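Enquirer: Okay, here's the structure, questions in a sec.
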Amino acid sequence: MSQPTIESILQEQRLFQPPADFSQAAHVKSLEQYEQLYAKAEADPAAFWAELAEQELDWFEKWDQVLDWQPPFAKWFVGGKMNITYNCLDRHLKTWRRNKAALIWEGEPGDSRTYTYAQLHREVCQTANVLKDLGVTKGDRVGIYMPMVPEAAIAMLACARIGAPHTVIFGGFSAEALKDRLKDAEAKLVITADGGFRKDKTISLKPAVDKALENNSVPSVENVLVVQRTKEDVTMQAGRDHWWHDLQPKASGDCPPEPMDSEDMLFILYTSGTTGKPKGVVHTTAGYNLYTHVTLKWAFDLQDTDVYWCTADVGWITGHSYIVYGPLSNGATSLMYEGVPRPSNPGCFWDVVEKYGVNIFYTAPTAIRAFIKLGDQHPNSRDLSSLRLLGSVGEPINPEAWMWYHKVIGGERCPIVDTWWQTETGGFMITPLPGATPTKPGSATRPFPGILADVVDLEGNPVADGEGGYLIVKHPWPSMMRTVYGNDERFRKTYWEHIPPKDGNYIYFAGDGVRRDADGYFWIMGRVDDVINVSGHRLGTMEIESALVSHPAVAEAAVVGRKDDLKGEDVFAFVMLEGTHSASDDLKAELKQHVVGEIGAIARPGEIQFADALPKTRSGKIIRRFLRNLASGEELVGDASTMEDQSVLDKLRSGN
Ligand code: PRX
């Protein structure tokens, strides 16, 4: 891990009070109430969560023990039995919500579908029965590689219904990346589609699945279930591949929820880390259900009358927690949109807001910056008066983007809820409660009740307010990841021993730099490890370097992040070639495409610089700090005396 100097230059003074009428109707109505909740949770976290678990969720059997903490392994609601789909579906059927819209879906070409809770329940049960018929049983892992269609959410819920952990692989990942993840999870079945619509074109998915599985390279996979979306030609392998529309409509709509242990695995979601191999982040059932439920309810002040839209893809944690499980557990109406703003339709998001009267809108800073570029005329020509709350996630939101979001989209009336969290945390960790917390543009404000967040140095010593340090959490919370799939050691080392435990007290290391101000507000300063945040998506530098080195022309590669106005960060790669190959623009283009093939379009380097040598320490470690400076065209910061050959930097600066 690199150790950049942590310093914060942001000094934002503006303060926005929650609107009085908003506070009055909100679940949490005042700063005092937030502080009381926080103090109560801090005094006895287990009792705090137990009370909410009783109040907010339905259980088949109550737990014996709220928290079993054997650092760094936590178990919540030990001995309890439940099924998250019961909380997301069945329990609502007994109320007026039976016929309420659970899922509203808008396709990119303009087609749309709405599922009531009763309809969604039936679809999920039918799909669950298809999975059973194809031999999937409790504990088997199922890969999901889908476009943003309702069947993606239905597939996830169907897995959860029968206790088969899902692993959703973002549809933008390549066949190679898909294969690695399916292999690691030893998936028994894959659910996919022929393709999906993106930016007025179709993207193919089934061929990537075929490629990932060719030559029996993932022997665990027995069957592939294929949704027809684009109707493009696909090859169906007899005995292995089955059309969803052949099997699912005929299946019974009766499928009782599998009684799951609180700690049974709900899903695995892969995320980039500092080493080459992505980590399978494991989440379990009850704690995850509770935490996503409560955080969404309080931080987004979810009300029964709301139409709520999260623009993430279900392939990321945001889609899992806040398109599917959190909203449905609350009995909310969750909107799912297949499209993205594109030159042919720059106002499409605002059309969706107007068409469905969206009340709560949750997106990422990178999207907000793209909207600013597209021009105010698009939102200004639509009726956005239904909006009452705006959310942000994925990276620190720059104050200019925050102010634009507040004024142009929120009409200066909607609280902005900037949520800091991670794949590993399962749900929001640092976030305003909109009726309670005054907001400051660029700050995720204060920790959610029950989250004992703090700022420390690398030895775990507290850091004074105003100074930069490392963001940590001092007590387990219900939806924290339980382990790295199949690798407890990696889990322990990455998150719990990076900052050494003191007196047996383990603390969770998030990997982010942060500053806390005198009001107790957290200002996230970005990753402190070798992870790049491109458009709110985490990419490991090692992963991209491995992809580059797998090309025959490449001898060595070093990848760093470079500030980008739109994406937050962009991938900048320094590449040393094998002796027989020579530098050319064609080769640059070929290498960029190679990374797309190995990982996916999100990892495509924005720029490649060929180099004769890379800056290294005497022990052979690449000094990324200097490469970051070079990539951004900055002065070199720091001491170069540990370098083996100082002339390397001059050469790189002169462009080779
Ligand atoms: O660096 C932080 C940044 O995104 C990382 C987590 O990425 P991922 O696991 O892909 O999850 C993204 C969606 C939850 C964090 O370590 N990050 C996320 N949200 C924010 C943020 N940085 C600043 N402010 C945020 N609101």
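The values are calculated or read from the model by the stated rules, or taken from the named source; none is laboratory data. Predicted, not measured: the structure shown is a model, and the values here were computed from it. Because the Cβ atoms are built from the backbone with ideal geometry, glycine has one as well, and the counts that use them run over all protein chains shown. The area values use the complete protein model at the heavy-atom level, side chains included, leaving out ligands, DNA and RNA. Shrake-Rupley method; radii C 1.70, N 1.55, O 1.52, S 1.80 Å.
Enquirer: With the checklist (1) open to solvent by less than 50 Å² (accessible area, probe 1.4 Å); (2) modelled with pLDDT of 95 or more in hand, flag the one item Ser2 doesn't pass.
Expert: (2)
Enquirer: Also, quick follow-up: Quick check on this structure: which one of Ala547, Ala510, Ala518 is more than 13 Å from the ligand (Cβ to nearest atom), in contact (Cβ under 8 Å) with a residue 24 or more places away in the chain, open to solvent by less than 10 Å² (accessible area, probe 1.4 Å) and over 20 Å from Lys75 (Cβ atoms)?
Expert: Ala547
Enquirer: Let me ask something else. List the residue pairs whose Cβ atoms are under 6 Å apart, where the first residue sits in the range 360-375 and is closer than 20 Å to Gly411 by Cβ, the second is assigned to a helix (DSSP H, G or I) and open to solvent by 20 Å² or more (accessible area, probe 1.4 Å), and the two are 6 or more positions apart or on different chains.
Expert: Within 6 Å, the pairs are Ile372/Trp404.
Enquirer: Kindly establish whether Tyr356 is on the phi < 0 side of the Ramachandran plot, touching a residue at least 60 places away in the same chain (Cβ under 8 Å) and more than 16 Å from the ligand (Cβ to nearest atom).
Expert: Details: on the phi < 0 side of the Ramachandran plot: yes; touching a residue at least 60 places away in the same chain (Cβ under 8 Å): yes; more than 16 Å from the ligand (Cβ to nearest atom): yes.
When the stated conditions are applied, Tyr356 passes them.
Enquirer: Pick from the range 396-409 the residues that are open to solvent by 30 Å² or more (accessible area, probe 1.4 Å) and under 14 Å from Ser443 (Cβ atoms): which of them is nearest to the ligand (Cβ to nearest atom)?
Expert: Top of the filtered list is Pro396.
Enquirer: Is there a residue in the range 285-294 that is in contact with a His (Cβ under 6 Å, 6 or more places away or on another chain) and either open to solvent by 40 Å² or more (accessible area, probe 1.4 Å) or not basic (Lys, Arg) (or both)?
Expert: Step one: list which residues in the range 285-294 are in contact with a His (Cβ under 6 Å, 6 or more places away or on another chain), which gives none.
No - not one qualifying residue is present in the range 285-294.
Enquirer: Which count do you get for residues in the range 436-476 that are in contact with a His (Cβ under 7 Å, 6 or more places away or on another chain) and at pLDDT below 95? Spell out the reasoning first.
Expert: Looking only at the range 436-476, we keep the residues that are in contact with a His (Cβ under 7 Å, 6 or more places away or on another chain), and these are 452.
In the following step, the residues that additionally are at pLDDT below 95 were identified as none.
Qualifying residue count, the range 436-476: 0.
Enquirer: Looking at the range 444-470, which of its residues are open to solvent by 10 Å² or more (accessible area, probe 1.4 Å), under 21 Å from Gly427 (Cβ atoms) and more than 21 Å from the chain's Cα centre (by Cα)?
Expert: Leu452, Asp454 - these are the residues of the range 444-470 that are open to solvent by 10 Å² or more (accessible area, probe 1.4 Å), under 21 Å from Gly427 (Cβ atoms) and more than 21 Å from the chain's Cα centre (by Cα).
Enquirer: Follow-up question, since we're still on this one. Here is a check on your reading of the model: is Thr366 among the hydroxyl-bearing types (Ser, Thr, Tyr), open to solvent by 10 Å² or more (accessible area, probe 1.4 Å) and within 14 Å of the ligand (Cβ to nearest atom)?
Expert: Working: among the hydroxyl-bearing types (Ser, Thr, Tyr): yes; open to solvent by 10 Å² or more (accessible area, probe 1.4 Å): yes; within 14 Å of the ligand (Cβ to nearest atom): yes.
When the stated conditions are applied, Thr366 passes them.
Enquirer: Follow-up question, since we're still on this one. With the range 149-253 as the region, which helices (runs of 4 or more DSSP H) entirely inside it contain at least 3 residues that are under 26 Å from Ile544 (Cβ atoms) and out of contact with any Phe, Trp or Tyr (no Cβ under 7 Å at 6 or more places or on another chain)? Outline the logic, then answer.
Expert: Values: elements: 150-162, 175-185, 206-213, 244-247.
Counting at least 3 such residues, we get 175-185, 206-213.
Enquirer: Further question on the same structure: Within the range 414-431, can you find the residues that are more than 6 Å from the ligand (Cβ to nearest atom) and part of a loop (DSSP other than H, G, I, E, B)?
Expert: At the first step, the residues of the range 414-431 found to be more than 6 Å from the ligand (Cβ to nearest atom) are 414-417, 424-431.
Cys414, Pro415, Glu424, Thr425, Gly426, Gly427, Phe428, Met429, Thr431 - these are the residues of the range 414-431 that are more than 6 Å from the ligand (Cβ to nearest atom) and part of a loop (DSSP other than H, G, I, E, B).
Enquirer: Next up: Of the residues that sit in the range 362-385 and are among the hydroxyl-bearing types (Ser, Thr, Tyr) and modelled with pLDDT of 95 or more, which one is farthest from Gly326 (Cα to Cα)?
Expert: Ser381
Enquirer: Given the criteria out of contact with any strand residue (DSSP E or B) (no Cβ under 9 Å at 6 or more places or on another chain) and either open to solvent by 60 Å² or more (accessible area, probe 1.4 Å) or under 29 Å from Ser174 (Cα atoms) (or both), does Lys621 qualify? Steps first, please.
Expert: On the way: out of contact with any strand residue (DSSP E or B) (no Cβ under 9 Å at 6 or more places or on another chain): yes; either open to solvent by 60 Å² or more (accessible area, probe 1.4 Å) or under 29 Å from Ser174 (Cα atoms) (or both): yes.
Answer is yes for this residue.
Enquirer: Sticking with this one: Filter the range 48-58 down to the residues that are outside any loop (DSSP other than H, G, I, E, B) and either open to solvent by less than 30 Å² (accessible area, probe 1.4 Å) or in contact with a helix residue (DSSP H, G or I) (Cβ under 8 Å, 6 or more places away or on another chain) (or both) and list them by number.
Expert: Once the filter is applied, which keeps residues that are outside any loop (DSSP other than H, G, I, E, B) and either open to solvent by less than 30 Å² (accessible area, probe 1.4 Å) or in contact with a helix residue (DSSP H, G or I) (Cβ under 8 Å, 6 or more places away or on another chain) (or both), the range 48-58 yields Phe48, Trp49, Ala50, Leu52, Ala53, Glu56.
Enquirer: Scan the range 243-256 and give yes if some residue there is open to solvent by 10 Å² or more (accessible area, probe 1.4 Å) and under 30 Å from Cys348 (Cα atoms), otherwise no.
Expert: Yes, the range 243-256 has at least one match.
Enquirer: Are there any pairs, at least 6 apart or on different chains, whose C-beta atoms fall under 9 Å, with the first in the range 198-221 and over 21 Å from Glu108 (Cα atoms) and the second aromatic (Phe, Trp, Tyr), and if so, which?
Expert: Here the result reads Ala208/Tyr145; Ala208/Phe173; Val209/Tyr145; Ala212/Tyr145, each pair linking the range 198-221 to a residue that is aromatic (Phe, Trp, Tyr).
Enquirer: For Ala583, work out the one condition from (1) under 27 Å from Tyr270 (Cα atoms); (2) open to solvent by 60 Å² or more (accessible area, probe 1.4 Å); (3) not acidic (Asp, Glu) it doesn't fulfil.
Expert: Every condition holds for Ala583 apart from (1).
Enquirer: Here's a follow-up. Being over 23 Å from the mean Cα position of the chain (by Cα) and open to solvent by 40 Å² or more (accessible area, probe 1.4 Å): is that true of Arg490 here? Spell out how you get there, then give the answer.
Expert: Numbers: over 23 Å from the mean Cα position of the chain (by Cα): no; open to solvent by 40 Å² or more (accessible area, probe 1.4 Å): yes.
The answer is no for Arg490.
Enquirer: So for the range 630-644 (the condition being within 20 Å of Asp530 (Cα to Cα), touching a residue at least 12 places away in the same chain (Cβ under 8 Å), in contact with a helix residue (DSSP H, G or I) (Cβ under 9 Å, 6 or more places away or on another chain) and crowded, with 19+ Cβ neighbours inside 10 Å), does at least one residue qualify?
Expert: Yes.
Enquirer: Of the numbered conditions (1) without any contact (Cβ under 8 Å) to a residue 60 or more places away in the chain; (2) in contact with a Cys (Cβ under 7 Å, 6 or more places away or on another chain), Gly253 satisfies every one except a single condition; which is it?
Expert: Unmet condition: (1).
Enquirer: Test Glu590 against the criterion of being under 33 Å from the mean Cα position of the chain (by Cα), touching a residue at least 12 places away in the same chain (Cβ under 8 Å), closer than 21 Å to Phe173 by Cβ and open to solvent by 70 Å² or more (accessible area, probe 1.4 Å), and give yes or no.
Expert: Answer is yes for this residue.
Enquirer: Here's a check for you: in the range 69-123, which residue that is in a strand (DSSP E or B) and free of Cβ contacts under 8 Å to residues at least 24 places away in the same chain is most open to solvent (accessible area, probe 1.4 Å)?
Expert: Ranking the qualifying residues of the range 69-123, first place goes to Gln70.
Enquirer: Of the numbered conditions (1) open to solvent by 30 Å² or more (accessible area, probe 1.4 Å); (2) within 16 Å of the ligand (Cβ to nearest atom); (3) modelled with pLDDT of 95 or more, Arg388 fails exactly one; give the number of that condition.
Expert: (2)
Enquirer: Do we have Gly435 as crowded, with 24+ Cβ neighbours inside 10 Å and under 20 Å from the mean Cα position of the chain (by Cα) here?
Expert: Working: crowded, with 24+ Cβ neighbours inside 10 Å: yes; under 20 Å from the mean Cα position of the chain (by Cα): no.
In short, no.
Enquirer: Then there's this: Looking at the range 81-98, can you tell me whether even one residue there is in contact with an Asp or Glu (Cβ under 8 Å, 6 or more places away or on another chain), under 26 Å from Tyr508 (Cβ atoms) and among the aromatic types (Phe, Trp, Tyr)?
Expert: So far as the range 81-98 goes, no, none of its residues is in contact with an Asp or Glu (Cβ under 8 Å, 6 or more places away or on another chain), under 26 Å from Tyr508 (Cβ atoms) and among the aromatic types (Phe, Trp, Tyr).
Enquirer: Among the residues of the range 313-331, how many are away from the ligand (no atom under 13 Å from the Cβ) and either open to solvent by 10 Å² or more (accessible area, probe 1.4 Å) or free of Cβ contacts under 8 Å to residues at least 12 places away in the same chain (or both)?
Expert: The number of residues fulfilling the criteria is 1.
Enquirer: Here's a follow-up. Is there a residue in the range 525-541 that is more than 16 Å from the ligand (Cβ to nearest atom), open to solvent by less than 30 Å² (accessible area, probe 1.4 Å) and in contact with a strand residue (DSSP E or B) (Cβ under 9 Å, 6 or more places away or on another chain)? If you could, list the steps in order and put the result at the bottom.
Expert: Residues of the range 525-541 that are more than 16 Å from the ligand (Cβ to nearest atom), as a first pass: none.
No; the residues of the range 525-541 include none that is more than 16 Å from the ligand (Cβ to nearest atom), open to solvent by less than 30 Å² (accessible area, probe 1.4 Å) and in contact with a strand residue (DSSP E or B) (Cβ under 9 Å, 6 or more places away or on another chain).
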